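Asks: Dumping the structure here so I can ask a few things about it.
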Amino acid sequence: MKILTCPVNGPRNIAEFQYLGPVRAASAEEPGQLIEALFYAENPLGIMHEWWRHMPSNTILIAERHTVTDRIVATYLPNQKPA
Amino acid sequence: MPFTLLRYGLRSKHASFGDIPSTPALKRSYDVVIVGGGGHGLAAAYYLSNVHGIRNVAVLEKGYLAGGNTARNTTTVRSNYMTEESVRFYAEGVRLFETMSQDLGFNIMYSQRGQLTLAHSDATMRSFHLRAEMGKHVGTRIEVVDARTVKELVPHLNLDIGGMHEVLGGLWHADGGTARHDAVAWGYARHASRRGVEIHQRTEVAGFDVSGDRVTHVRTNRGTIAAGQVLQAVGGLNGQVAALAGIRLPIRCFPLQAMVTQPLKPFLHTLVSSANLHTYLVQSSRGEVVIGGGSDPYQLASTRSTLDQKEHLAEGALHLFPFLHKVKLLRQWAGITDMTPDYSPIMGASPLANYWLDCGWGTWGFKATPVAGKRMAETIATGKVPDILKPFDLRRFDSFALLNEMGATAASH
């Protein structure tokens with residue numbers, strides 16, 4: 001069982017979470033960035049910032065996870081990144 | 001033929017088989033450098049050297065020959081897609097598989113037994129009708145069948161699945177089949193190397209020298225080589241290798257997991273797939289049941305397996321064939337799939353004039369090994385992208401001319 005730490009509910013089984021994809025640099029609201037936002041998602045080898053949802057509590061959070069080792073480095077609520 | 005075989009069998013000394021040559025020293029310059037020694041790259045090398053007479057070719061492979069996704073796929077060959085462009089392309093691939101053993105003089109164990117995709121809902125049945133009509137229009141063997149015919153095709157299949165996922169019918173694709181993945185790569189490698197293609201294993205690309213809109217040199221861990229043209233076909237690392245040439249690709253990587261059981265007596269003739277259960281099964285010629293279809297739920301570039309996904313695959317397999325519950329698993333693995341937004345590959349030109357792309361093969365690359373190799377070789381030899389590849393151009397994303405095949409993957413991801 002893989003554990004993901006919810007900033008509200010503490011460490012939980014990752015099966016309780018829904019993956020919502022990478023935090024995007026490009027915005028679909030900006031016409032010049034539309035194609036980038038729609039099709040060219042982040043796909044690094046390394047730490048990726050990504051959206052997750054803890055489904056039972058409907059908590060939306062951000063996780064920093066390494067895409068090669070699968071190690072979760074940090075989790076926090078949006079706009080509350082620890083210093 | 002039978003007497004030749006008998007004489008061969010009774011002979012006491014046999015000539016050695018003619019293995020794939022060991023890695024030579026790198027030359028300073030090649031007409032074509034193929035990055036990636038998997039099925040696609042080797043097929044392209046075969047067609048370049050055997051059909052187009054371009055023999056000064058190097059295939060660079062970071063690991064060992066055909067050890068990436070060529071070794072990890074679940075060997076499904078089919079052409080039952082949704083769009084006309086895709087069906088035409090994949091149907092050519094199926095035709096090449098049908099004659100490959102003869103063409104290569106190498107038994108790739110191609111077994112055209114038909115593929116059956118199951119529908120558990122009316123919505124799926126409707127999409128099957130669309131795919132069947134498109135397939136007939138292009139000239140492939142495909143039809144929608146009812147539950148009774150499903151039972152006749154696969155007598156051991158559990159049709160009611162506890163009432164949860166009752167099988168309403170299926171998409172029967174008589175052209176579908178399976179082949180030995182390693183043999184496909186080895187067959188191409190053998191013929192390519194006989195015509196002078198150099199296969200460099202343990203040779204990793206570290207970067208490209210770009211001058212204007214052309215790649216001039218390929219930098220590797222064994223030295224730098226000049227390249228007339230470059231073909232990229234590196235499976236799960238396509239995004240990273242393209243970035244070395246300054247090219248961005250619309251790719252996200254997900255692991256796809258699979259496993260095989262211990263060998264059983266033959267009971268499953270056709271390839272069976274269920275998108276609802278995210279599972280597909282095929283019994284190999286050795287009797288092992290290959291179970292695949294589980295993509296990880298989040299982006300990752302590691303080929304580790306997870307218990308969650310393996311349990312999920314086993315659950316789907318047991319719904320379809322409950323009597324497999326005592327069967328042991330022999331091997332399990334994962335491969336990195338380079339998924340595109342529309343579930344179609346990216347083939348043809350890149351922003352660089354002499355750099356060609358054969359990537360974005362996600363979970364559907366093996367079946368296209370011969371046709372992608374043939375058509376990419378044609379592209380490189382003539383400098384012109386053939387009509388059949390044009391819909392797969394990278395620039396389709398800029399003009400929203402997508403080729404949506406999301407519903408036609410063997411198991412939805």
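Read-outs throughout are calculated quantities, based only on the coordinates presented, and are distinct from any laboratory measurement. It should be emphasised that the depicted structure is a prediction, and the values quoted were computed from it without experimental measurement. A quick note on method: Cβ atoms are made from the backbone with ideal geometry, for glycine too, and the neighbour counts reach across all protein chains shown.
Asks: Working only with C-alpha atoms, what are the Rg and Dmax values of the protein assembly as shown, expressed in angstrom?
Replies: Calculated on Cα positions, Rg and Dmax stand at 23.3, 80 Å.
Asks: For A:68-74, what's the mean count of beta carbons from other chains sitting within 10 Å of each residue's beta carbon?
Replies: On the way: counts 3, 4, 8, 0, 0, 0, 0.
Average per residue, whole number: 2.
Asks: Fewest to most neighbouring Cβ within 10 Å: what's the order for B:286, B:214? Write out the running numbers ahead of the final one.
Replies: Details: B:286 11, B:214 15.
With the sparsest Cβ surroundings first, the list reads B:286, B:214.
Asks: Then there is this: I'd like the mean, over residues of B:50-62, of how many other protein chain beta carbons sit within 10 Å of each residue's own Cβ. List each step's numbers first, then the result.
Replies: Working: counts 0, 0, 0, 0, 0, 0, 0, 0, 0, 0, 0, 0, 0.
Averaged over the peptide's residues, the number is 0.
Asks: Using the Karplus equation 6.51 cos²θ - 1.76 cosθ + 1.60 (θ = phi - 60°), what ³J(HN,Hα) coupling, rounded to whole Hz, does each residue of segment B:235-243 give in order, writing x for Gly and Pro?
Replies: Couplings: x, x, 9, 4, x, 6, 5, 4, 4 Hz.
Asks: Roughly what angle does helix B:307-320 make with the longest principal axis of chain B, taking Cα atoms, 0 to 90 degrees, to the nearest 10?
Replies: 50 degrees
Asks: Give the order of B:6, B:153, B:394 when sorted by the count of other beta carbons within 10 angstrom, beginning with the fewest. Mind showing how you got there, number by number?
Replies: Working: B:6 10, B:153 16, B:394 21.
Ascending Cβ contact count within 10 Å gives the list B:6, B:153, B:394.
Asks: Ok, one more. Arranged by the count of other C-beta atoms within 10 angstrom, fewest first, what order do B:285, B:302 take?
Replies: Values: B:285 12, B:302 16.
Neighbour counts put them in this order, fewest first: B:285, B:302.
Asks: How far apart, in nm, are two points set 7 Å out from the Cα along the Cα-to-Cβ line at residue B:7 and at residue B:395?
Replies: 5.9 nm
Asks: Right, here's the next one. Need one value for A:28-38: mean number of C-beta atoms belonging to other chains within 10 Å of its residues' C-beta atoms.
Replies: On the way: counts 0, 0, 0, 0, 0, 0, 1, 5, 3, 0, 5.
Whole-number average of other-chain Cβ neighbours for A:28-38 is 1.
Asks: Sticking with this structure for a sec: What's the local net charge at residue A:17, with K and R +1, D and E -1, over the other residues with C-beta under 15 Å away? Walk me through the numbers on the way to the answer.
Replies: Values: positive: A:2, A:12, A:53, A:65; negative: A:16, A:50, A:64, A:70, B:296, B:308.
Charge balance near residue A:17 sits at -2.
Asks: Near the amide H of residue B:56, under 5 Å away, which other amide H atoms are found, from residues 5 or more places off or on another chain, if H is placed in the peptide plane?
Replies: B:31
Asks: May I pose another question? Rounded to the nearest 0.05, what FRET efficiency do residue B:98 and residue B:164 have when you use their Cβ-Cβ distance and R0 = 41 Å? Don't jump to the answer; show the numbers that get you there.
Replies: Numbers: r = 38 Å, r/R0 = 0.92.
Result of the calculation: an efficiency of 0.60.
Asks: Specify the angular offset, from 0 to 90 degrees and rounded to the nearest 10, of the alpha carbon long axis of helix B:84-104 from the longest principal axis of the alpha carbons in chain B.
Replies: 80 degrees
Asks: Hey, which lysines would be in cross-link range of residue B:390, C-alpha to C-alpha under 25 Å, not counting anything within fewer than 8 residues on its own chain?
Replies: Straight-distance partners of residue B:390: B:136, B:367, B:374.
Asks: Subtracting the Cα-Cα distance from 0.36 nm times the residue separation, let me have the gained length for residue B:265 to residue B:126 in nm, one decimal.
Replies: Details: separation 139, 0.36 × 139 = 50.04 nm, distance 3.53 nm.
Full extension of this stretch gives 46.5 nm more.
Asks: Nearest 0.05, what FRET efficiency do residue A:33 and residue B:211 give at R0 = 35 Å with Cβ-Cβ as r? Intermediate values should be presented prior to the final figure.
Replies: Details: r = 30 Å, r/R0 = 0.85.
Rounded to the nearest 0.05, the efficiency is 0.70.
Asks: Determine the distance separating the Cα centre of segment A:33-81 from the Cα centre of segment B:105-124; give it in Å without decimals.
Replies: The distance from the Cα centre of segment A:33-81 to that of segment B:105-124 comes to 37 Å.
Asks: Under the rule of -39500 (n - 2.57) per DSSP H run of 4 or more residues, summed and divided by the residues of the protein assembly as shown, what mean residue ellipticity at 222 nm is obtained, to the nearest 500 deg cm²/dmol? Numbers along the way, then the final one.
Replies: Numbers: 11 runs with 125 residues, N = 496.
-7500 deg cm²/dmol, from helical runs alone.
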